[in-house]
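For reference, the structure is listed below as C-alpha cells.
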Amino acid sequence: MIDYEDSVKQLGEEILDRIGKASGELFLSGNGDPVAGRVTSRTGRLLNSILGGKDSIRINQRTYGGLSLTIGSTLPYAALIAVGGRRIVTNTMRQYFFAQHILTGQPKWLPMALSSELVWQPRPYLQPAVEKVVNTDIPELFAKQLNLMVQTTITEAITGEQKAERL
C-alpha cells in the first residue's frame, strides 16, 4: 500500500533541496549582476545556511490543504543582503572604519567612517531561486512522483503484493 504521507514529505524535501541548490548557484554566480550587486562571501555561513547547514531554516509540513514549505536562514544579516536596508553608523563602527582606512590605506573605508548611515542595495538570492524551482522543477517533480505512485498502485493491484520499499 502506498504511504501518501511519506510520498508528500519526500516531495517536499526534494523541493527544498532544489531551492537550496538553485539559491546557492545564484549566490555564487551573482545572478548576473555587476560585482557591486553580488553577494560576497567572507565566512561562507550564509551560503552554508541556504544549502541546509547550520543556521538553516527548513520546514516541511503536510497541511490539510496540501504541503507547506519554509526555507531561509537564521543569520541576522541574511534579510539585509536579500532585501537591502539601512543601518545607522555607531561610534564603534566609525572607529573600526577609520582604523581600517589607516591600516589598509584603502579609500573605501573613509566615506563609511564619515557617513551617518550605511545603505545596502538588495541582492536577492533566495526569492529568484524559489521562482525558478516553482516555474521549472515542481511540475517535473510532481509528474515524477505521480507516475511512481500510479505504477506502484497498478503493480500492487495486478500482483496482489505490496511494494516492500517506500516511495
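Quick notes
- Matching option when the condition is surrounded by fewer than 15 Cβ atoms within 10 Å (Cβ to Cβ) and of a type in the set (Val, Ile, Thr), among Ile59, Ile71: Ile59
- Spans of helices (runs of 4 or more DSSP H) in the range 80-167 with at least 2 residues surrounded by 14 or more Cβ atoms within 10 Å (Cβ to Cβ) and either small (Gly, Ala, Ser) or in the same structural domain as Gln10 (by TED's automatic domain parsing) (or both): 127-132, 138-159
The values are calculated or read from the model by the stated rules, or taken from the named source; none is laboratory data. What you see is a predicted model, and the numbers here were worked out from it, not measured in a lab. Please note: Cβ atoms are built from the backbone with ideal geometry, for glycine as well, and neighbour counts cover all protein chains shown.
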